[in-house]
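Asks: Could you have a look at this structure, given as structure tokens, before my questions?
Quick note: the coordinates plus some simple rules give every number you see, no bench work behind them. If you're wondering where the values come from, they're calculated on a predicted model, not measured in any experiment. Reconstructed Cβ throughout: ideal geometry from the backbone, glycine too, with neighbour counts over all protein chains shown.
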Amino acid sequence: MEPSGSTISSSSNHPLNSTGGVCQWEVSDKAKLCRFLCYGSYTLPEEGRVSMEHAGALVSMLQEGRGAEVVEEIKRFSQQGRAVTLDPSWFALALCSQQSELKTRQVAFKALKEVCRDPAHLFSFIQQKKELREDPGGSTDCTLPISWATESGKAADVFIILTNNPVWTFTASPVPSLKKHRHQSGANSKMVMCGLTSIRHAITDTEDRGLVSICGFNLGTFSVIRNLAQDLI
């Protein structure tokens, strides 16, 4: 029996279904990235501005170590004139150049001369880097509490991570760290990722029943955490 699930077609940005056909109604992260590079948003353009709140696919691909793939798409859109505006490309390239992964930074800077073909382009890239650096929250490593528990041999029932930083400042995704902790500890650990500010897209793997993303924090948040811990949701 052939395994079920979806893979990505090499000739398109759409996933393949279990029979090898293209799932026309499913949109991959790469397709979302292309839409972002085209007009600055996954859904609809917003007055010609780059919408960082809609950069979720870009962030996901960087967290998965697909930075080189992201840079290739940036080069393709800028060189082939596919973008409505190049501002999203400057933002994406600036974000790639500030990643903790060395390979992603290297390919980003190597692509600079191919993407920034005049002084105005280079100025836009520098401005994007400056805005990212001025983010008041700085970078965030949400893997630290999970890594500490794993390395200390302490099995945790629930990890609760509170952050006021947007997802594009994360240095790493906590999801692989949680899976590693489960494997090494044998515990069915859960994780609640609570964004204290509105970021408008999920920051955990929603396919995993033990992971919950919460946007905002109020008294109802405690009920959600308790119900997750007790396997009620």
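Asks: Whole-Hz Karplus ³J(HN,Hα) for the range 96-113, in order, using 6.51 cos²θ - 1.76 cosθ + 1.60 and θ = phi - 60°, x for Gly and Pro?
Replies: Each residue's phi maps through the Karplus curve to give 4, 6, 10, 6, 6, 6, 4, 4, 5, 4, 5, 5, 5, 5, 5, 7, 4, 5 Hz.
Asks: Same structure again: Among the listed pairs Lys30/Lys129; Lys75/Lys190; Lys30/Lys154, which have their C-alpha atoms separated by more than 31 angstrom in this model?
Replies: Too far apart for the 31 Å limit: Lys75/Lys190; Lys30/Lys154.
Asks: Students often check this: by mean Cβ neighbours within 10 Å, which of 92-98, 222-228 ranks highest, and how do the rest follow?
Replies: In descending order of packing, they fall as 92-98, 222-228.
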